[in-house]
Amino acid sequence: MKNITNLDKNKKASLNRAQLEVASFVLGQFASGYPADRSLSSALRAKKYLGSRDRRFISENVFSLFRWWGWIREIADANCEIRSLADNPGLLSNCLDLAAVISEIGGKGACIPPAQELSGRFQVPARILSPGKLLPDYFMACLSPGFIAENMITACQSRPPIWIRTRRGCRRRLESALKKNDAVFESPGQVPDAMKVVKCGTSLYSLPEFEEGLFEVQDIASQAVALISAPKPGEKWLDACAGAGGKTLHLADLMEGRGSIVSQDSDKRKIAELMRRAARGGFSNIRPKTADSSKKDKRRVDFFDGVLVDAPCSCSGTWRRNPDGRWRTKEGEIRRFHNLQLAILNASATSVRKGGSLVYATCSVFKAENDDVVAGFLSANPGFKPANFASPFDGKNILGTFHVDPLSLDSDAMFIAKFRRDV
């Protein structure tokens with residue numbers, strides 16, 4: 001992180017003023033329901049006088065404010081929600097300073113700084129800085145037993161990497177392009193098309209290889225969904241909650257462009273983005289459709305070889321890269337998501353042919369959205385049984401459900417369940 005102590009007095013004051021204005025805007029938008037990453041980008045674009053290092057400094061501090069808010073409010077004795085900081089510039093400035101210090105200490109070694117070190121630094125009791133306070137009060141009680149609490153907390157407090165998925169057969173060409181741009185990248189041997197980009201001398205989206213559709217930016221946990229779905233060339237698949245199409249594109253690549261995929265979502269804007277991405281990738285077997293997936297499609301009963309339900313969820317498994325989400329999501333929303341997820345899964349199941357596959361996935365870590373949805377679905381649909389499949393990461397046999405631990409691969413957290421229709 002940039003060290004502003006070496007800046008001259010006027011430059012330092014100007015940077016602090018810009019940071020406060022940006023943070024106030026982001027928090028104001030946050031209070032209205034807008035994601036922090038989008039409002040942050042918008043605020044920084046408006047300040048054209050800021051250089052790239054200044055933008056990076058402000059971005060890191062604003063995200064650190066969300067990431068460490070559970071401790072910052074204790075240290076600053078801020079008896080308020082984070083959204084209220086937009087109305088208190090003095091308190092916000094103090095909290096941003098605390099965020100920078102905590103983030104710097106954490107960056108020196110352990111992901112989560114020892115409470116004793118912060119206690120001495122800020123003259124507060126160590127007992128008020130328990131790791132559990134870095135996440136919402138309801139988190140532990142709602143966590144799925146398939147996830148390890150300590151791992152989730154640790155992952156949430158670290159900056160996420162960038163994962164990309166290469167098109168099949170394009171890996172060597174992409175590696176060459178990354179090397180030309182001074183990129184540092186790693187690859188897990190078990191998932192040959194996945195690459196973790198540690199750093200790159202240019203934006204990945206500016207590479208010609210991206211415009212040619214040779215890779216997509218996609219977390220490796222998300223890549224696991226299509227790998228577990230395991231569609232075969234020539235099959236008919238439905239991506240029931242396709243969104244902007246990340247998993248649709250992966251399915252199409254695994255199917256080698258053969259067969260067909262109906263990709264539907266209720267949001268027309270997301271479908272438009274999916275169509276644009278499919279065109280860039282040169283996939284002609286994707287059929288976009290605007291539809292409500294919680295309603296049965298009577299025209300396609302017993303029709304598809306496979307159906308993927310990547311359901312709307314709390315996105316708690318992505319709080320690592322979207323730390324503002326943990327302070328936006330309320331406990332009551334988890335139950336509402338459960339009801340919607342079960343409705344979508346039940347409706348989508350009618351489109352699976354006998355012997356076909358049904359895959360359910362969320363980027364949530366909560367039991368109500370994962371284990372409870374699976375239990376409710378199996379109880380209401382006796383014709384479906386948990387399916388056996390191989391872990392895409394180590395090849396071990398899995399029956400039914402799979403939890404992607406974020407520390408195992410330096411990724412998001414993900415829940416995936418696979419069923420087979422026997423009747």
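The values are calculated or read from the model by the stated rules, or taken from the named source; none is laboratory data. Predicted model only: the values in this text are computed from it and were never measured. Glycine gets a Cβ as well: all are built from the backbone with ideal geometry, and neighbour counts include every protein chain shown.
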message: Filter the range 122-160 down to the residues that are more than 24 Å from the chain's Cα centre (by Cα) and either of a type in the set (V, I, T) or exposed (fewer than 14 other Cβ atoms within 10 Å of the Cβ) (or both) and list them by number.
response: Q123, V124, P125, A126, R127, I128, S130
field: Out of T202, T248, sole residue that is surrounded by fewer than 14 Cβ atoms within 10 Å (Cβ to Cβ) and either in contact with a strand residue (DSSP E or B) (Cβ under 6 Å, 6 or more places away or on another chain) or free of Cβ contacts under 8 Å to residues at least 40 places away in the same chain (or both)
entry: T202
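Does F57 satisfy being modelled with pLDDT of 95 or more and either under 27 Å from I112 (Cα atoms) or not β-branched (V, I, T) (or both)?
Working: modelled with pLDDT of 95 or more: no; either under 27 Å from I112 (Cα atoms) or not β-branched (V, I, T) (or both): yes.
Here the answer is no, as F57 does not meet what is asked.
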field: Qualifying position, being crowded, with 23+ Cβ neighbours inside 10 Å, under 17 Å from the mean Cα position of the chain (by Cα) and not assigned by TED's automatic domain parsing to the domain that holds G306, among A242, A194, A226
entry: A194
- prompt: Can you tell me which residues in the range 379-419 are in a loop (DSSP other than H, G, I, E, B) and loosely packed, with under 15 Cβ neighbours inside 10 Å?
  reply: P382, G383, D394, G395, K396
- prompt: Are any of the residues in the range 223-241 at pLDDT below 95 and of a type in the set (S, T, Y)?
  reply: no
task: Provide a single number: the residues in the range 161-187 that are in a loop (DSSP other than H, G, I, E, B), in contact (Cβ under 8 Å) with a residue 40 or more places away in the chain and buried (at least 17 other Cβ atoms within 10 Å of the Cβ).
output: 3
- request: Give the residues of the range 355-384 that are of a type outside the set (A, V, I, L, M, F, W, C) and in contact with a helix residue (DSSP H, G or I) (Cβ under 8 Å, 6 or more places away or on another chain), sorted by residue number.
  value: S357, Y360, T362, S364, K367, E369, D372, G376, N381
- prompt: Looking at the range 109-143, which of its residues are free of Cβ contacts under 8 Å to residues at least 40 places away in the same chain and not in a helix (DSSP H, G or I)?
  reply: G109, A110, P113, P114, Q123, P125, S130, D137
task: Kindly indicate whether any position in the range 87-109 is within 14 Å of G70 (Cα to Cα), in contact with a Gly (Cβ under 8 Å, 6 or more places away or on another chain) and either buried (at least 16 other Cβ atoms within 10 Å of the Cβ) or of a type outside the set (G, A, S) (or both).
output: no
